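Working notes, structure below.
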Amino acid sequence: MTTLTALLLILLVLMIIVGGKTGFKSYLSIVINACLLILVALLISWGVNIVLVGAIFIPLKLLTIIYLGTHDYTVAKNAFLTALCVSLIVMLIIILFENLAQTQGFGDQAGEELIGLSLNVGISFSQIAILVAIFSMLGAIAEASVAMSAGLLELKRHDPNITQKQLIRSGNEVGADVLGTAMNTILFGLFGSFLPIFIWYVRLNYSLFEILNDKLFVDEFLIIVYSFIGVLLTVPLTTIFLAHTLTNKENKSRDK
């Protein structure tokens, strides 16, 4: 048994112990999303249109992350709609700034490995960079939308008489805590994955301006900013969507 297999089995056991059926479904969503990412890479390498791949797999990934990660249909539905709307908004921002930043393709660090190789592979590196940025933010958006939806719905169930205005106010208070943890998670994820390249910068005596203008650093930093924007939009929109949905349900029940 390899180390990776052993860790995956430990993860599965712990998720079942802690989360029960929902924990198993969450583990299943991890496996499915890993398979989807591999399939995305294969489809792009086979020459399938990158825009078409993104249009199909972005909603599909959100569905697997959210619906398999929670046991409550109302939470999942509200979180999915919010995450999808936020993804579309941030996608426009990503397309604009990726074209302005021109960070697609390989950085200077890959120069030696690319010597003698042709970069004319028939694939749009700019479209790949946009797709990677979108996929990188989906997890943070889905996590924030599920956390907000679950918290507010539980609050509504404990206090059925809470008004829409009170629910939105409570959502703002809960959202402040969700934002704090989500931002730190994204930020430390950057430092954790980017630490080797930071050491590389230091050992080669890069100046601050050289680091800030390095393609690899800028690309990673932009992805973090996109994720920040996505989470910032997710928190208020989740509250508004859920409050509106619950109010509509109450009005329909009264009409009946």
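The values are calculated or read from the model by the stated rules, or taken from the named source; none is laboratory data. Owing to the predicted nature of the structure, the values given are computational and were not obtained by experimental measurement. Positions of Cβ are backbone-derived with ideal geometry, glycine not excepted, and every protein chain shown enters the neighbour counts. Calculation scope for accessible area: heavy atoms of the full protein, side chains included, ligands and nucleic acids excluded. Shrake-Rupley method; radii C 1.70, N 1.55, O 1.52, S 1.80 Å.
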Review point. Can you tell me which of THR82, THR2, THR74 is within 14 Å of the chain's Cα centre (by Cα) and of a type in the set (S, T, N, Q)?
Key: THR82
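Going by what's in this entry, would ILE224 be described as closer than 28 Å to PHE97 by Cβ, assigned to a helix (DSSP H, G or I), at pLDDT 80 or above and among the β-branched types (Val, Ile, Thr)?
Judged against the criteria, ILE224 is a match.
Being open to solvent by 70 Å² or more (accessible area, probe 1.4 Å) and in contact (Cβ under 8 Å) with a residue 24 or more places away in the chain is the filter; apply it to segment 78-101 and report the residue that is nearest to GLU220 (Cα to Cα). Steps first, answer last, please.
Let us first name the residues in segment 78-101 that are open to solvent by 70 Å² or more (accessible area, probe 1.4 Å), namely 81, 88-89, 92, 96-97, 99-100.
Then keep just the ones that are in contact (Cβ under 8 Å) with a residue 24 or more places away in the chain; that gives 81, 89, 97, 99.
Details: LEU81: 27, ILE89: 20, PHE97: 13, ASN99: 15 Å.
So the residue we want is PHE97.
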Review point. When you look at LEU153, is it within 23 Å of PHE80 (Cα to Cα) and over 16 Å from the mean Cα position of the chain (by Cα), yes or no?
Key: yes
Review point. Would you pick out the residues in segment 122-153 that are assigned to a helix (DSSP H, G or I), more than 13 Å from ALA76 (Cα to Cα), aliphatic (A, V, I, L, M) and open to solvent by 30 Å² or more (accessible area, probe 1.4 Å)?
Key: ILE128, VAL132
Review point. For segment 169-218, how many residues meet the condition of being assigned to a helix (DSSP H, G or I), open to solvent by less than 50 Å² (accessible area, probe 1.4 Å) and more than 27 Å from LEU233 (Cβ to Cβ)?
Key: 3
Exercise for review: Return yes when LEU60 is under 27 Å from VAL146 (Cβ atoms), modelled with pLDDT of 85 or more and hydrophobic (A, V, I, L, M, F, W, C) and no when it is not.
Suggested key: yes
Review point. Of all residues in segment 42-76, which are outside any helix (DSSP H, G or I), surrounded by fewer than 20 Cβ atoms within 10 Å (Cβ to Cβ) and of a type in the set (A, V, I, L, M)?
Key: VAL48
